[in-house]
Amino acid sequence: MFDPDFLKQKAKERKLTETETETFLAILNNIGQRDEEIAGKLYCHRSTLQSRMTNIYLKFGTSSNRGPGKKQELIGILNKEYPEWKKERNKGKKSQSNLNNTIFNTYSQDTYYFNSAPDVSIFYGCTEELEKLRKWVIEDNYRLIAIHGVTGVGKTYLVRRFADTVKNEFQCAFWHSLPSYSPHTPKEYLTKLLHSFHEWFSSEPVDISEASFDDLLNKLMYYLTNYRCLLILDNFQYVLKEQERVGTYEDTYQGYRDLLLRIGQSSSKMKSCLLLNSWDKPQGLAQIDTKAFKTFQFKGSEETCQEILSKYDFSDPYLCQNLIEIYDINPLLLKGIAEIILTLYEGKIERLLGEGTYIIPNHYYISKIKQLKRLSSFELEIIRCFPDKAQTLSFEELRKKLGLSKESKSKLLTPLDQSLFSSRSLVNKTAQGYNISPLIKRVLEELYS
């Protein structure tokens, strides 16, 4: 409905706090959703959300700070200011068009398509990870990078922040999030990409309505070779099979594997990059030169978690570190827990820790169930072998618990090391053996009780 830059500017003009700005953006980006749903996305209680909304309405000068019509009144205020903002922005774009054409050899259109990307106006930490990605993409010219890790650790926010910091190094950047309910087929994705590329770089209309997948892929490679492009594919796990060997593609989406192989095997002269983000590590890419392809298992950033907790005025570093470790260095989960501590525990971390229980917000619980349901039956059997307490089991102890003979070690090694640990990030590996997070154990208990 509104351009994100417009909303950020209005939030700044009204002097919204960081949490109010975050809430303001969530309200306007989720029109029609109930307060409970928005609160779930922000990992806060409904009462906390409503308190923030009251402050927002007050700062925007709505006639009423409560009641069913307040949100529509806010939208009405923004609608009155939006046309003038767009007019001024377009003037600025026009004055910069010659400069853009000189630097990028493109036309006057905006060549950054981030419509489905999350807003990261509030972002903490990940300094080391951002530097690593920048080196790989800008300095080392890796053409394909796969980031994978469990849900909620901040992969998508990391990638969006990275894209924002390097987009001016590219002639165009295109973000695409695959929906969970019906991911776009490879042909649909390429068609969408090429429509944008033709608009940005071609002076004449091009008809690709009857083109085959191979033709579309060839046309895409032409653009990626002749222009420096950054492509981002988010939620890549939705084109991979559930309850099968990790990283195996659904039959309808095999073309994505062809796309990754084609980009990974391209000439080193190509300066474009495809960066994908997934719960699971994609497979079948062993033939790509390691100088062109990198994988990155992201397990969360302690720096980010510490910054988040500091915003809640939790002063004891020891208690904060305990909380971070218990909740798996998961920023979104910690944010929800921090809200709960403020609301139910009077802001005292030690009271929550003293109970010795694990509180799991509903939004996290649902997302974790989705990930667990992707496991094969044997992977699920392995992960349910771990005891209730945070206990580490050796490989031999796991083998015996599963009733496998010594000759069957390979049957356990592949799903344990290559899938649950390396690819799905659900099992931790130490010098002493393997363990799983108490949070995952808690979700398993509730799922199968």
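Using the beta-carbon distance between D214 and R351 and R0 = 51 Å, what value does 1/(1 + (r/R0)^6) give for FRET efficiency, to the nearest 0.05?
Details: r = 62 Å, r/R0 = 1.21.
For D214 and R351, the calculated efficiency is 0.25.
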Starting from the Cα of E13, step 7 Å along the direction of its Cβ; do the same at S51; then give the gap between the two resulting points in nm.
2.9 nm
Nearest 0.05, what FRET efficiency do L412 and Q287 give at R0 = 45 Å with Cβ-Cβ as r?
0.95
What does the C-alpha gyration tensor say about the overall shape of region 375-448? Classify as rounded when a/c is under 1.5, otherwise prolate if a/b is larger than b/c, or oblate.
rounded
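Let me know the longest stretch in the chain that avoids all GluC sites (Glu not before Pro) found in a DSSP loop with at most 16 other C-beta atoms within 10 Å.
Numbers: sites that count: E210, E242, E244, E250, E346.
Between exposed loop sites, the widest span is 1-209.
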Charge dipole of the chain built from unit charges on the beta carbon (Lys, Arg +1; Asp, Glu -1), centred at mean Cα; most positive-end Cα among T54, M270, C305 is M270
If we count other beta carbons within 10 Å of each Cβ, what is the order of Y82, Y57, fewest first?
Y82, Y57
Taking Lys and Arg as +1 and Asp and Glu as -1, residues besides T127 with C-beta under 15 Å from its C-beta add up to -3
Checking L194, L158, L274 against a Gaussian network model of the chain (alpha-carbon springs below 10 Å), the top fluctuating residue turns out to be L194
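Using the beta-carbon distance between K80 and Q432 and R0 = 60 Å, what value does 1/(1 + (r/R0)^6) give for FRET efficiency, to the nearest 0.05? List each step's numbers first, then the result.
On the way: r = 64 Å, r/R0 = 1.06.
Once rounded, the FRET efficiency stands at 0.40.
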Under the rule of -39500 (n - 2.57) per DSSP H run of 4 or more residues, summed and divided by the residues of the chain, what mean residue ellipticity at 222 nm is obtained, to the nearest 500 deg cm²/dmol?
-15000 deg cm²/dmol
With point charges of +1 on the Cβ of Lys and Arg and -1 on the Cβ of Asp and Glu, referenced to the Cα centre of region 375-448, which listed residue (L439, S405, Q391) lies farthest in the positive direction of the dipole?
S405
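On a 22 Å Cα-Cα criterion, which of the cross-link pairs K10/K59; K370/K406; K132/K299 come out too long?
Working: K10/K59 11 Å; K370/K406 33 Å; K132/K299 14 Å.
In this structure, K370/K406 exceed 22 Å between Cα atoms.
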Which label in [x] 1.01; [y] 0.98; [z] 1.16 gives the computed Rg/Rh (Cα atoms, Kirkwood Rh)
[y]
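Read-outs: derived from the displayed coordinates by stated rules, not from any lab. Because the structure is predicted, anything quoted here is derived from the model rather than measured. Counting neighbours? That spans all protein chains shown, and the Cβs are built from the backbone with ideal geometry, glycine included.
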